[in-house]
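> The structure is given below, and queries will be raised subsequently.
The values are calculated or read from the model by the stated rules, or taken from the named source; none is laboratory data. Keep in mind that this is a model prediction, so the values were computed, not measured. Cβ: placed from backbone, ideal geometry, glycine included. Neighbour counts: every protein chain shown. Just the protein is used for accessible areas: all its heavy atoms, side chains included, with ligands, DNA and RNA removed. Shrake-Rupley method; radii C 1.70, N 1.55, O 1.52, S 1.80 Å.
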Amino acid sequence: MKRFPLIFILITSIISTLNFASSPSKVLFLTDFTQTLKNEFTFELKFEDIYETKFNFDFESLEDEVRLSNVDNVINYFKFDQAGFEFSYRNPGNRSDPYFLTENFDSFSMVLDDYFVLTFNDLKIGVIFKESLFNMSFWTEVIDLSQSKVALTIETPNDLGISLGFEDIMKYYFRAGDLLFSLDDNALDSVYILNQDFLLEYNASTQSLLVDSIYFDKNDENFYFRIPATKNLFLTYSNLGIGVSFYIELLRESN
């Protein structure tokens with residue numbers, strides 16, 4: 001279910017950006033020289049007041065193969081926003097509901113009238129009842145109504161929030177700005193950092209960690225820690241060895 005909207009978004013974004021030169025967009029290139037050569041193209045595409053997205057393609061040259069980026073990790077974020085309708089991926093916006101934030105991290109979400117949500121990865125329906133201080137949401141799977149859950153959230157004006165998640169077991173969610181983490185039986189269950197420049201996801205049950213940023217990358221295979229020497233040059237340490245990285249802006253379209 002995830003690949004169709006992903007491919008559709010990539011094609012639509014590129015065509016729209018090429019046809020509307022006033023869109024403030026840019027293309028960036030990052031290359032890491034360690035014991036292997038890793039390259040990454042990043043596309044930040046915007047069509048003002050309609051959509052914005054950021055996606056990247058990686059290719060890494062190993063001794064006996066060339067490894068391409070996983071299709072699930074191509075898009076960093078996407079937002080298509082019109083009156084009464086929103087289609088997004090990894091774009092939390094101003095929402096505080098913990099289930100929307102976690103579902104939106106790994107699934108495309110469609111929001112109607114700001115409260116009715118449909119996720120496309122595992123087909124879940126959510127209804128978010130919004131008030132100024134107290135928020136409530138109800139979520140269920142389309143093909144299994146027994147898999148339902150409810151979240152109760154108290155949110156303060158400075159982006160601090162506390163939520164109770166009623167599902168198989170009770171979970172406690174805490175949000176501070178872009179940081180969201182949950183506790184399960186008084187133990188850390190998950191951690192998320194969600195913004196357009198830095199993404200982090202940690203799952204305690206699988207011990208998996210995903211980090212995507214210019215300064216630190218971590219996936220199932222390798223990690224890269226980059227220390228800026230100049231705007232375009234980084235000293236790089238990774239599990240593949242010590243090296244350097246270059247970060248170059250290839251193209252910019254401005255208003």
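> Rounded to whole Hz and in sequence order, give me ³J(HN,Hα) for segment 217-227 from the Karplus expression 6.51 cos²θ - 1.76 cosθ + 1.60, θ = phi - 60°, writing x for Gly and Pro.
Listing the rounded values in order: 10, 9, 9, 5, 9, 9, 10, 9, 10, 10, 10 Hz.
> Just name one of 119, 93, 208: the one whose Cα is farthest towards the positive end of the charge dipole of the chain (beta-carbon charges, Lys/Arg +1, Asp/Glu -1).
Of the candidates, 93 comes out farthest on the positive side.
> Please compute the modelled spin-label separation between residue 130 and residue 205, points set 7 Å along Cα→Cβ, answer in nm with one decimal.
Here the answer is 2.9 nm between the modelled labels.
> Okay, moving on. With a 1.4 Å probe and every protein chain kept in, tell me what percent of the accessible surface of segment 117-190 is carbon plus sulfur.
Details: 2680 of 4240 Å².
Looking at segment 117-190 in its full context, I get 63 percent from C and S.
> Using a Förster radius of 30 Å, what is the FRET efficiency between residue 106 and residue 31 based on their Cβ-Cβ separation? Nearest 0.05, please. Don't skip to the answer; put the middle values down first.
Values: r = 28 Å, r/R0 = 0.94.
It comes to 0.60.
> Dipole size in debye (nearest 20) for the chain around its Cα centre, Lys and Arg Cβ +1, Asp and Glu Cβ -1?
Working: 19 positive and 39 negative charges, 107 e Å.
For this selection, approximately 520 debye.
> Oh, and also: Based on the Cβ-Cβ distance of residue 185 and residue 118, what FRET efficiency does E = 1/(1 + (r/R0)^6) give at R0 = 22 Å, to the nearest 0.05?
On the way: r = 31 Å, r/R0 = 1.40.
Computed FRET efficiency for residue 185 and residue 118: 0.10.
> Related question: Pairing the Cα long axis of helix 3-19 with the longest principal axis of the chain, what angle in degrees results, from 0 to 90 and rounded to the nearest 10?
60 degrees
> Here is a follow-up. Are any of the pairs 26/231; 54/79; 54/124 more than 18 Å apart by Cα-Cα distance, and if so, which? Display every interim value, and only then the final one.
Numbers: 26/231 16 Å; 54/79 9 Å; 54/124 25 Å.
In this structure, 54/124 exceed 18 Å between Cα atoms.
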